[in-house]
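K.L.:
First the structure, which I've put down as C-alpha cells, then a few questions once you've had a look.
The values are calculated or read from the model by the stated rules, or taken from the named source; none is laboratory data. Values in this document were obtained by computation on a predicted structure and should not be read as measured data. Every residue, glycine among them, receives a Cβ derived from its backbone with ideal geometry; neighbour counts consider all protein chains shown. Quick note on the areas: whole protein, heavy atoms, side chains included, nothing else; ligands and nucleic acids left out. Shrake-Rupley method; radii C 1.70, N 1.55, O 1.52, S 1.80 Å.
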Amino acid sequence: MSLALISDPSTKNGTAAIKLALTDCHSPQPQVGYIASEPDIDRRYFTQTKQIYDKCGVELSTYIELEAEFDDGAFQHLLTLDVIHLSGGNTYRFLFALHQRHLLPALSDYVQSGGVLIGVSAGAMIMTPSIVTASLCGDVNSVGLTDLSGLGLTSFTFVPHGCHSDEEVDSVRQFVKEESVRCYLCRDEDSLVLLKGHKQWTLFGKPMLVI
C-alpha cells in the first residue's frame, strides 16, 4: 500500500511527505485527484492544495465533492488517477458523506490495486480504522454520524494538530486506554508515509505513538 497521513501539508515536513508518497507512482507525471470534505464553492482549499502539488511538480487535476454536486462519473474517473488526496475539514461530515455514497469499498480497492492515497487531517483520520479521535482535535459531530469506522488501512488511529504537551499526551493516553486503540499524536509538522512493499512507516518530524 502507498499511504500518507499528514497533519498540515503546508509545513516543510508535510510537503516532504507528499513528495515521498508521489515517488510510489508508476507515472513520471502523476495525475492527482481531490476529494473535498465538504463543498468548497469558491475552490479556496482546493486551490491552496493545488499550489502545494504544483511545487512538487505534479498536477492536481480533478475535484470531487460528495454532497449536492456529486458526480459518479467524475468519481469513477478519479479512481483511474495515480493519486487521490483526501482533504481536511470536519471529519464527521466527511465520513458521513463517504458512507452515504458507499464509497469506502471503492477507495479501499483503489489502494489495494496500487493507487496512492494521501490524507490530510480529517482525510488522514478517515484512512484509519476509526475516526473516534476526531473529537480530540475539536471536531463536532453535527451530522449525527453513528458509524465511525474508516477505511481501516492502518493499525492505529490518528490525531492531527497536536502540541505534545504533557497535559495533551496524558489526555490522549487516557482516551486511547478507554477506547482500546493505538494512536499517533501529530503536531502540524509531523507526518507518516508507508511505501509499497514496506512494513515500516517513514516518519517526518516526531509523530508520537500513544498506546
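K.L.:
For LYS177, list the lysines whose Cα falls under 22 Å from its own Cα; do not include residues on the same chain fewer than 8 positions away.
P.N.:
Candidates past the 8-residue exclusion: LYS206.
K.L.:
Counting only heavy atoms of the protein chains, get the accessible area per residue of the chain (1.4 Å probe) and round it to a whole Å² value.
P.N.:
Accessible area per residue: 46 Å².
K.L.:
Which percentage, to the nearest 5, of the DSSP beta bridges contained in segment 1-134 is antiparallel?
P.N.:
Rounded to the nearest five, the antiparallel share is 0 percent.
K.L.:
Between segment 102-151 and segment 1-56, what's the alpha-carbon centroid distance in Å?
P.N.:
Here the two parts' Cα centres lie 16 Å apart.
K.L.:
Evaluate the relative contact order of the chain (contact order divided by residue number), counting alpha-carbon pairs under 8 angstrom at least 6 apart; express in whole percent.
P.N.:
RCO, the chain: 27 percent.
K.L.:
Determine the share of the chain's accessible area contributed by carbon and sulfur atoms, expressed in whole percent, with a 1.4 angstrom probe.
P.N.:
Taking all protein chains in place, the chain shows 48 percent carbon and sulfur surface.
K.L.:
Helix-only estimate, please: 222 nm mean residue ellipticity of the chain, summing -39500 (n - 2.57) across DSSP H runs of length 4 or more and dividing by its residues, to the nearest 500.
P.N.:
-9500 deg cm²/dmol
K.L.:
In segment 186-211, whose amide N lies under 19 Å from the spot 7 Å out along Cα-to-Cβ of GLU179? List them in ranges.
P.N.:
Only 186-188, 190-192, 207-211 pass the distance filter.
K.L.:
Another question, if that's okay. Report the residue, chosen from ASP82, ASP170, ASP190, that carries the largest GNM mean-square fluctuation when the chain is represented by alpha-carbon nodes joined by springs under 10 Å.
P.N.:
Fluctuation is largest for ASP170.
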